[in-house]
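Here's the structure, in structure tokens; my notes come after.
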Amino acid sequence: MNTDKAYLLGLIIGGGIFGNAEDVFRIKLPYKKWGSYLDNPQRAGQIAADILRRVGQMFRAIYGLSVQYETTPGGTWVILCEGDTTSVKADLNHYGISAEGEIRGNADIELLVADLIDDNLKRRFIAGLADTIGSMAKSQRRFSDEHQILSFEIKGYNFKFVCELCRLLYSINCIPDQVNWNHPNIHCPSDPYYAQWNKGFKLRILLDQYARFGAFAFRTKVESSNENRSLQREQHEAEKCETREIHITPSTVHPAENDARLPDVIRGGHYVHFRHFCAVLGCEHAPYNAICPILNQNLGLLINPFPILTKGDLERIENIIRNDSLMANRAYADRQISVLSLLQTYAADKDKLLYGSNENVGYPINEILKAIAYVIADDTELFGNRPNGKWLREG
């Protein structure tokens, strides 16, 4: 193992796709609009140069393969690796990784990580992943531009891959900020009737943290990292998982918690926080001292038997109520409530709970306002069931 091979293996595992052909495989770079040659021809030129000069030279030197690329106006880039692929497949097989289909969906990197015996090898392997599945889109931020994020985007249901990558990052002192697990309790904690919950994983790192301990090989990634970080007023330090404060909001039970595609250790459980997953998966950095008291003392207040926010037309909502015995057997009453009064309540207390039996139970005011924003938006203002842009414009 050397640093160039470590990088290429990261690139292959992050974006590699193997088909039936023996003399070619592809590496997909899911850059979308970020890599569009129509929107940013200068950046597209740099991507092409990096593929041919940097990646191409490494593939020729390590594996004797030639490299070309394909791209689309929308920003999808594919690296074509052509030649005798025997040695590439042999390296993957050596680490227990099957050279079939989309690699990252099923890859187990435990044996490979054990061969990354120093921080330079680790950083180069991570750089290969970051150059393929690391997103720095402007939407990748923590609430505002002040906390810029690098997000590793991982498809499928490979929880072990995410855990191993998280540990690998931790080993070079690059502490992850958040893991959005591919699970309905993460992607739709308010709506048990949302069927498109399986959106993949997002392993998110503060960009300041990654710039200090991680690496990129593509110049365009380095430049975008610097551009995004310039939007911040100051640098930010990552907080260790073991001591970080945990904030939990109530969630609803989703039938896909029992989805057969979820690993056995996860399937059938309800999870109240993304670090709850970390604890169940046995991560040594999980904040057990914070998670356990929450589960032991407050669990009844954290799980809602009713939908918190479900959107749809009147017919869909009525069907949901009729087909759920818990909701069908309840009495409902019409109430006249002004939107202005709700906005005033939100302005006074953004955490206010309404329509419960006391001030400690009920529906969050922000979820009620999201529902109203959906109802009053016309078809041109909706993206699926979401209003385009912000659901509330204050002021």
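Here are the numbers:
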quantity: Tally, over segment 251-275, of residues that are within 27 Å of V361 (Cα to Cα) and open to solvent by 20 Å² or more (accessible area, probe 1.4 Å); calculated: 6
quantity: T310 vs. criteria more than 28 Å from R275 (Cβ to Cβ) and either part of a helix (DSSP H, G or I) or in contact with a helix residue (DSSP H, G or I) (Cβ under 9 Å, 6 or more places away or on another chain) (or both); calculated: no
quantity: When residues of segment 332-342 are limited to those that are aliphatic (A, V, I, L, M) and surrounded by fewer than 10 Cβ atoms within 10 Å (Cβ to Cβ), the one nearest to P305 (Cα to Cα); calculated: A333
quantity: Neighbours by Cβ (under 7 Å, 6+ apart or cross-chain): first from segment 77-101, within 15 Å of V55 (Cα to Cα); second among the basic types (K, R) and open to solvent by 50 Å² or more (accessible area, probe 1.4 Å); calculated: V78/R26; V78/K28; I79/R26; L80/R26
quantity: Top-ranked residue in segment 301-331 [being at pLDDT below 85 and open to solvent by 70 Å² or more (accessible area, probe 1.4 Å); ranked as farthest from P255 (Cα to Cα)]; calculated: L301
quantity: Which numbered condition A215 fails, given (1) small (G, A, S); (2) more than 30 Å from E257 (Cα to Cα); (3) under 18 Å from the mean Cα position of the chain (by Cα); calculated: (3)
quantity: Some residue of segment 352-364 being open to solvent by less than 60 Å² (accessible area, probe 1.4 Å), within 20 Å of C188 (Cβ to Cβ), in a helix (DSSP H, G or I) and at pLDDT below 90; calculated: no
quantity: Strands (runs of 3 or more DSSP E) contained in segment 1-91 and holding at least 3 residues touching a Gly at 6+ places or on another chain (Cβ under 7 Å) and within 24 Å of D108 (Cβ to Cβ); calculated: 24-30
quantity: Residue count, segment 313-351 (criterion: under 20 Å from G300 (Cβ atoms) and not in a helix (DSSP H, G or I)); calculated: 2
quantity: Test result for Y271, modelled with pLDDT under 95, part of a loop (DSSP other than H, G, I, E, B), within 19 Å of the chain's Cα centre (by Cα) and among the hydroxyl-bearing types (S, T, Y); calculated: yes
quantity: Test: residue in segment 156-171 that is touching a residue at least 40 places away in the same chain (Cβ under 8 Å), more than 21 Å from R267 (Cβ to Cβ) and acidic (D, E); calculated: no
quantity: Residue ID - surrounded by the most Cβ atoms within 10 Å (Cβ to Cβ), chosen from residues in segment 185-224 that are of a type in the set (F, W, Y) and free of Cβ contacts under 8 Å to residues at least 60 places away in the same chain; calculated: F201
quantity: Scope segment 37-73; condition of a type in the set (S, T, Y) and surrounded by 16 or more Cβ atoms within 10 Å (Cβ to Cβ); matching residues; calculated: Y37, Y63, Y69, T71
quantity: Answer from A377, A371 - the residue that is surrounded by 11 or more Cβ atoms within 10 Å (Cβ to Cβ), farther than 27 Å from G269 by Cβ and in contact (Cβ under 8 Å) with a residue 24 or more places away in the chain; calculated: A371
quantity: Segment 214-232: number of residues that are in a loop (DSSP other than H, G, I, E, B) and in contact with an Asp or Glu (Cβ under 8 Å, 6 or more places away or on another chain); calculated: 5
quantity: Flag if N173 is in a loop (DSSP other than H, G, I, E, B), modelled with pLDDT of 95 or more and under 26 Å from H276 (Cβ atoms); calculated: no
quantity: Matching residues in segment 119-135 - criterion: being assigned to a helix (DSSP H, G or I) and hydroxyl-bearing (S, T, Y); calculated: T132
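The values are calculated or read from the model by the stated rules, or taken from the named source; none is laboratory data. As the structure is a computational prediction, the values presented were derived from the model and not from experiment. Ideal geometry is used to build each Cβ from the backbone, glycine not excepted, and the neighbour counts take in all protein chains shown. To get the accessible areas, we keep the full protein, side chains included, count just its heavy atoms, and leave off ligands, DNA and RNA. Shrake-Rupley method; radii C 1.70, N 1.55, O 1.52, S 1.80 Å.
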